[in-house]
Amino acid sequence: MMGYRDAWAAQESAHAQVVAGGPERILIVEHPPVITFGRRGDVGGHLLASAEQLKTLGVELVHSDRGGDITFHGPGQVVAYPIVRLADHRLSVGAYVHRLESAVVALLADWGIAASTDPTAVGVWVRRGNIDAKICAIGVRIRKGVSLHGVALNVHTDLGYFNLIVPCGLAARPVTSVKELLGEQTATMLAAREDLFRHLARTLPLVTMPP
């Protein structure tokens, strides 16, 4: 568990090392409740809660430099920040984002959840009734050819927090979690972190696999 700003600082430190030729890595964290805006986030229209509400609920508000709009991070959500050199692996930004999506889709398939991507909206989606619900948000930044930020997969996440925002600026599309879909069969957070790391490492592939 690490505060968003502390994790951002850790990313920046790792980023400087990777830019200088150091080993690539994937940081895996959970965050205390925080709402973040991307570089094109609509502060006025997509944040539905007042400053007083956020304070009462203990939700921090941070303006990030990642891509994308507004999202929520909190306990029960596995967040992965790959710090990798795209050129070394002949990846465009778009291809890199698709690799992240593919890793999450494969992970969810292992858990018995049929998920997909959407060419019109970045992230990973599952069918819920007649509409696709987002289960994983993705927002990245590439600076000096090295990635920052990454993916946020809702596992045991309290989905009530998403009522404070218009998630990713998509008003007509709900958010879901593994727990909402699988109930008591949902993986523990430790297992979720390990599984997400393995799938990212295999799909990118950029780091040494754990034993």
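Every read-out reported here was derived from the displayed coordinates using simple, explicitly stated rules and does not represent laboratory data. Note that the coordinates shown come from a computational prediction; the quantities given were computed from them, not determined experimentally. Cβ sites come from the backbone with ideal geometry, for glycine too, and all protein chains shown count toward neighbours.
Odds and ends about this structure:
- Size of charge dipole - the chain - debye, nearest 20, with Cβ of Lys, Arg +1 and Asp, Glu -1, no other charges: 540 debye
- The tail of the calculated P(r) for the range 83-140 beyond 15 Å holds 50 percent of all Cα-Cα pairs.
- Shape class of the range 1-101 from the Cα gyration tensor (axes a ≥ b ≥ c, square roots of the eigenvalues): prolate, since a/c reaches 1.5 or more and a/b is larger than b/c.
- GNM flexibility winner over the chain from 22, 74, 145 (Cα, springs under 10 Å): 22
- Kirkwood hydrodynamic radius of the chain, from inverse mean 1/r over distinct Cα pairs, in Å: 17.3 Å
- Length gained when the stretch residue 13-residue 60 is fully extended (0.36 nm per residue, less Cα-Cα span): 14.7 nm
- Shape call, the range 111-211: gyration tensor on alpha carbons, a/c limit 1.5: oblate
- For a straight C-alpha distance cut-off of 17 angstrom, the aspartates and glutamates reachable from residue 134 (same-chain residues fewer than eight places away being disregarded) are 69, 101, 118, 158, 180.
- The string of couplings for the range 130-140 from the Karplus curve (6.51, -1.76, 1.60, θ = phi - 60°) is 9, 9, 8, 10, 7, 10, 9, 9, 10, x, 10 Hz, one whole number per residue in order, with x for Gly and Pro.
- Mean-position separation - Cα centroids, the range 39-116 and the range 1-18, in angstrom: 15 Å
- Of the residues 37, 201, 62, the one whose Cα sits farthest toward the positive end of the charge dipole of the chain, with +1 on the Cβ of Lys and Arg and -1 on the Cβ of Asp and Glu, is 201.
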